[in-house]
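Please see the structure below; I have some questions.
What follows draws every value from the coordinates through simple rules; no lab data is involved. As the structure is a prediction and not an experimental result, all values here were calculated from the model. Backbone-built Cβ (ideal geometry, glycine too); neighbour counts: all protein chains shown.
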Amino acid sequence: MIRAIAVDDEPPALRILSHFCQQDGSIDLLKTFTRTDEALTYIEQHPIDLLFLDINMPSMSGIDFYRAIANVSTNGKPPVMVIFTTAYGEYAVEGFTLNAVDYLLKPFTFERFSQAITKAADVYRWQQRTDTTTEAYVFVRADYTLHKIALTDILYIEGLDDYLKIHLQPETGKPGVPKPVVARMTMKSMLERLPAVDFVRVHRSYIVPLARVDAVRNRTLFVEGRDIPIGASYEADFLKRFGL
């Protein structure tokens, strides 16, 4: 069962979350908080997997709070997942750039809540699967060689007709951009090899890792200083990451 806490300065909102968690049955809502300082103290002392977090709070915004808990030691465990909750849709993109599991726009239904929990469960299963390994990899055959590529090294993947160009980050201590891995395969087959919780197809010619997205503006992603377009046919699915 996924261990969770909820932080919201409005007690009625916390009661709704508590009720929905009881109905769902897969979330163990350990505690609720109306103050971020009390929630931070709890997180420092107790292991949790998931955080329901309101964005608009008086002392510290949910965005700033989530950035703060990123500095809390996890003792080698996966980072705490977050589902943002707010009545203001303009925060969705910023929540996404923090790699939020989902974004619930108040007032939300139990059905919408369940969709967010399903996403969290998928991420949780992936974390548990990779927790026993040092790093996750994908194997790609190119230039008569089987390349072992760490998922964390992928900047973005570019489709070129029947080929893919996998752009990689520079190796530590080695200046310059490494040569991309060019493989003969389709975007569809590549996407099937990648964890859906970490990678998203945003264009007929581009797949990006969510952790690499720096900002989103006017149907354009900014990834490590590069501009990547969001295709019209992929925009709706992309925005579902925000719950919009």
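Would you mind calculating the gained length between Asn56 and Ala232 on full extension (0.36 nm times residue separation, minus the Cα-Cα distance), in nm to one decimal?
In short, 60.3 nm is gained.
Roughly how compact is the range 205-244, stated as its Cα Rg over 2.2 N^0.38 Å to two decimals?
1.09
List the chymotrypsin sites (Phe, Trp or Tyr not before Pro) in the range 1-86 that DSSP assigns to loop (not H, G, I, E or B) and whose Cβ has at most 14 other Cβ atoms within 10 Å. Which are they? Intermediate results must be reported in sequence, preceding the final value.
On the way: sites: Phe20, Phe33, Tyr42, Phe52, Phe65, Tyr66, Phe84; in loops: none.
Passing both the DSSP loop test and the Cβ count: no residue.
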